[in-house]
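None of the figures in this text is laboratory data; all of them are computed from the coordinates on show. Quantities reported herein were computed from a predicted structural model and do not represent experimental measurements. When we count neighbours, we look across all protein chains shown, and the Cβ atoms used for this are built from the backbone with ideal geometry, even at glycine.
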Amino acid sequence: MRISTLTLHMLRNHDETFIELAPRVNVFCGMNGHGKTSMLEAVSLCALSTTFVPCDDKALIKRGSDACSASVTAYTDLQTPYKVSVTISTHERKLIMSSLGKRLTPQDIIGEMPMVALSPDFKAISAGTPADRRKFMDSILSQASKLYMKDMLSLKRILKQRNTMLHSAKNGHPIDTALLDTWTESLIEISVAIVLKRWAWMREFSTYMRVSYADISDGREDVAMLYEPDALPPELISGDEPPSPEDLRTAYRRIFDSVAAQERKRGTTAAGPQKDEIVFTVNGGIARESASQGQHKTLLIALKTAEFQYLKDMRAETPLLLLDDVFSELDSARAGNVFHLLASGAQTFVTTTDPRIYHEHFTDAHDNALFFVENGNVRKAMK
Amino acid sequence: MLYTSEAIESAIESLSSLPTIGRKTAQRLALHLLRQPKEDVEKLAHALLAMKERVLYCSVCCNLTESDPCPICTSQKRNRSVICVVEEPNDLFAIERTNEYFGLYHVLHGALNPLEGIGPNELKLKELLHRMGNTEHPVDEVILAMNPNVEGEVTTQYLTKLLKPLDIKVSRLARGIPMGSDLEFADEATVSRALQGRVSL
């Protein structure tokens with residue numbers, strides 16, 4: 001995928017920004033708070049329909065304005081043109097249009113323009129909460145499979161409906177047990193589908209991850225990635241063969257029977273894929289507990305490299321690469337690994353406060369560009 | 001007030017409370033009606049009132065009708081041993097348009113939806129179960145034709161649970177690729193469902 005033009009309208013501190021992008025590396029250089037990351041957020045908005053920065057999308061709207069938008073014109077690896085524009089307004093739904101049609105939903109565009117973002121914030125994947133890890137897994141799987149996205153939406157809807165029933169049970173309202181059982185059955189069905197997809201993904205993805213981690217650490221350290229579905233007995237999913245749907249169904253039924261009383265007391269669903277966990281281990285120790293700062297950084301680069309390769313293979317399309325303020329946090333050896341990833345040929349968007357990054361690494365090629373960002377104004381540097 | 005007339009304002013207010021009609025569309029409709037001859041507007045008003053006064057639920061299938069029981073339920077040409085259950089009258093029209101179905105219907109007027117406070121008692125379920133006990137024209141098969149979303153799915157499962165013990169054949173609509181469209185344009189979820197529900201030849 002290559003973006004040829006990018007337009008921002010009333011996005012963060014940009015009023016109206018239109019730029020033509022270089023096919024390889026685009027470096028956005030400027031002081032903090034002047035709107036470098038907003039350029040990357042605009043790309044993210046067009047690729048994922050949301051920003052990669054952990055905040056509400058409405059925060060993207062420039063103060064005093066009631067809507068912001070981002071749009072791109074791009075070309076796939078096979079040179080097919082692709083256009084997309086996403087508008088976020090304070091009062092209305094997200095408005096998404098692309099070459100595929102008007103009035104689209106996020107599911108329609110996610111995955112069409114695959115994207116991998118790397119930012120120091122993402123250390124939370126290995127160091128943060130289970131929710132951070134699920135988000136990482138769901139984001140990759142959603143870009144790789146529309147079916148998975150659809151299943152996740154169903155899961156969310158079923159949980160909402162089921163929790164409404166449990167909540168009224170908690171408040172002492174009589175509830176129809178047969179109806180609650182029906183919601184439980186449909187929760188089990190969707191959970192089985194999701195667990196099977198996550199299981200298969202973990203199998204494949206962990207191979208990518210081990211390879212990229214070994215590359216970065218020169219094979220000195222051993223890393224592994226395990227899928228731990230909430231409440232299910234470990235022996236069910238630890239084998240080399242995918243778990244049988246019937247076994248999963250039986251196990252979930254037993255689980256929901258045993259938590260039934262507790263669920264009614266608390267008024268919310270007590271088990272299911274919404275609580276699944278991924279565990280990373282480095283040299284046998286659980287990364288979240290025992291990994292060093294350096295190991296977390298290596299792990300993050302390895303995970304993002306794996307994500308890039310995995311999406312590239314799955315979608316048969318080179319993902320866009322977003323590197324937000326990455327180099328300030330990395331020592332030269334790890335920075336070298338990131339440059340290695342850059343060598344894959346993907347179109348890349350880099351933010352930095354230090355123009356030397358560009359002058360040292362990207363000047364020779366004709367395909368790169370340096371942009372200066374100041375107070376929401378973007379200016380292309382002369383060669 | 002944006003307009004100098006309270007009458008226009010209140011017409012816009014009423015129109016914009018209709019589903020899928022926003023304020024701008026309501027303004028356009030109100031001004032359009034204002035420019036029409038008086039007879040036309042009266043005709044519309046009468047049509048709305050007449051509809052409200054005359055239309056009622058069929059006591060058998062719960063469809064909307066002016067004569068109770070409705071023409072479908074009283075038709076002698078229809079097969080009385082098959083009942084197709086739908087969520088809304090619109091869904092009934094969709095099936096009628098095929099000219100391929102000659103059984104009876106039952107309209108639930110919704111699907112199970114706890115978030116909107118719609119439980120079994122809010123749907124025309126009792127009426128459906130009552131029909132199962134009809135000894136004069138025993139029911140052999142119930143076709144569940146709910147919408148393919150989370151709520152429709154749960155309604156299907158719930159009804160199946162209620163109907164199965166009565167020793168009645170329960171079936172549901174097939175899910176798959178729409179006719180006349182190309183496989184390549186179908187979305188992944190539809191294609192995958194179609195694969196799961198493939199038919200051996």
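Mind checking which of B:84, B:158, B:133 is farthest towards the positive end of the range B:77-179's charge dipole, using Cβ charges of +1 (Lys, Arg) and -1 (Asp, Glu) about the Cα centre?
Sorting the options by dipole projection puts first B:133.
Write out the GluC sites (Glu not before Pro) in the range B:1-97 meeting two conditions: DSSP loop, and at most 16 other Cβ atoms within 10 Å of their Cβ.
Passing sites in the range B:1-97 are B:66.
Percent relative contact order of the range A:122-314, based on C-alpha pairs within less than 8 angstrom and at least six residues apart?
Contact order relative to length: 35 percent.
For the range A:39-96, which trypsin sites (Lys or Arg not before Pro) are both in a DSSP coil and crowded by at most 11 other Cβ atoms within 10 Å?
A:63, A:93
Once you've got the Cα coordinates, tell me which of A:58/A:265; A:36/A:275; A:58/B:24; B:126/B:161 are over 26 Å apart. Don't jump to the answer; show the numbers that get you there.
Details: A:58/A:265 36 Å; A:36/A:275 35 Å; A:58/B:24 24 Å; B:126/B:161 14 Å.
Beyond 26 Å: A:58/A:265; A:36/A:275.
Taking θ = phi - 60°, what integer Hz values does the Karplus form 6.51 cos²θ - 1.76 cosθ + 1.60 yield along the range A:15-30, in sequence order, with x for Gly and Pro?
7, 9, 10, 10, 9, 9, 9, 7, x, 10, 9, 10, 9, 9, 10, x
Would you mind working out the magnitude of the charge dipole of the range B:77-179 relative to its Cα centre, with +1 at each Lys and Arg C-beta and -1 at each Asp and Glu C-beta, to the nearest 20 Debye?
300
What do you get for the angle between helix A:36-48 and the principal long axis of chain A? Use alpha-carbon atoms, 0 to 90 degrees, nearest ten.
Once rounded, one gets 50 degrees.
Zone of residue B:57 (label point 7 Å along Cα→Cβ, backbone N under 13 Å): which residues in the range B:70-92?
From the range B:70-92, the list is B:88-89.
Does the protein assembly as shown come out rounded, prolate or oblate by the C-alpha gyration tensor, with a ≥ b ≥ c the root eigenvalues, rounded set by a/c under 1.5 and, if not, prolate when a/b is larger than b/c and oblate if not?
Note, shape of the protein assembly as shown comes out oblate.
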